[in-house]
Amino acid sequence: MLVLLPPSETKRDGGMDAASLDLGGLSFASLARQRGEVMTEIRRLSRSVSGSMAALSLGPTQRFEVDRNRTVSTSPVMPALDRYTGVLYDALDVESLDAGAREFADDHLVIHSALFGLLRGSDPIPAYRLSHNSRLPGLSLRRHWRQAVTEALVATDSLVIDLRSDSYIALGPAPASAVTVRVVSEDARGRRTALSHFNKAGKGRFARSLVESGIAHADVDSLLEWAASRDIRLDRTESGVDLVV
């Protein structure tokens, strides 16, 4: 089982000072070439502050993000699950997991990064700035990642539970057998509305429940049976499952 998470724009600083990025040591080795090519474009873009600010859609107070990218190869690293912050990752709250749940999270939570492609939770990465809609001068992120990410997911031969946003799904659709989770609210008449901001918190809490259970589901039926036993409302739909919150 792989639980696919989107990344976050916001990231923690710091990390292990004695260690820096080792592209060859990251999970999903089949993405090594694509990672190297994006890194080359990041270094090229970072030569220009104004060009970086425009390409990365940064405001005046985000100048530090350019410096992060300039030093991405040499800055300290930390596990991906600790690097990302924001609503989803605050709800996931990996720092409060016990040792067994954290090990399960490192093995089964996969973050889809615009810079690195697919990352397992334990993969050590630096702070950086690159989003699904960033405009690199020498390549299109969507064309660059789309086929490679899909092929890497297919090769795992695992149930994929897809919690990504549509923008990251576009950078690498999951296999047809994947379960796409939509977070919705339901009114008294049974009408459902997809959530926006609270969508992230709902997905973070759902991912945490999956991790704490320690169950690597092999199929959708197993996932639905588990959810029912935990009073988590998951309803099968034509396009995946609805998580009703």
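The values are calculated or read from the model by the stated rules, or taken from the named source; none is laboratory data. Nothing here was measured: the structure is a model prediction, and the numbers come from that model. With ideal geometry, Cβ positions are generated from the backbone for all residues, glycine too; neighbour counts draw on all protein chains shown.
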Residues that are of a type in the set (A, V, I, L, M) and over 15 Å from the mean Cα position of the chain (by Cα), drawn from region 143-187: A148, V154, A155, L159, A176, A178, V179, V183, V184
A216 under 19 Å from L118 (Cβ atoms) and in a helix (DSSP H, G or I): no
The listed residue being closer than 30 Å to G214 by Cβ and buried (at least 18 other Cβ atoms within 10 Å of the Cβ), out of A148, A127, A152: A152
Any chance R182 is crowded, with 19+ Cβ neighbours inside 10 Å, among the basic types (K, R) and not in a helix (DSSP H, G or I): yes
Selection count where residues are more than 22 Å from the chain's Cα centre (by Cα) and either surrounded by 15 or more Cβ atoms within 10 Å (Cβ to Cβ) or small (G, A, S) (or both), scope region 37-61: 9
Scope region 136-173; condition among the basic types (K, R) and either farther than 15 Å from S113 by Cβ or assigned to a loop (DSSP other than H, G, I, E, B) (or both); matching residues: R143, R164
Pick from region 69-85, criterion out of contact with any strand residue (DSSP E or B) (no Cβ under 8 Å at 6 or more places or on another chain) and surrounded by 13 or more Cβ atoms within 10 Å (Cβ to Cβ), ranking: nearest to S96 (Cα to Cα): D82
Close pairs (7 angstrom Cβ cut-off, 6 or more residues apart or separate chains): under 12 Å from L4 (Cα atoms) and assigned to a strand (DSSP E or B) in region 101-115, of a type in the set (F, W, Y) and modelled with pLDDT of 95 or more anywhere: I111/Y84; H112/Y168
Subset tally (residues that are assigned to a loop (DSSP other than H, G, I, E, B), closer than 14 Å to I111 by Cβ and aliphatic (A, V, I, L, M)) for region 1-37: 1
Any hit, region 24-36, residues being among the basic types (K, R), within 15 Å of L130 (Cα to Cα) and surrounded by 13 or more Cβ atoms within 10 Å (Cβ to Cβ): yes
When residues of region 188-203 are limited to those that are surrounded by fewer than 20 Cβ atoms within 10 Å (Cβ to Cβ) and not in a loop (DSSP other than H, G, I, E, B), the one nearest to the chain's Cα centre (by Cα): A201
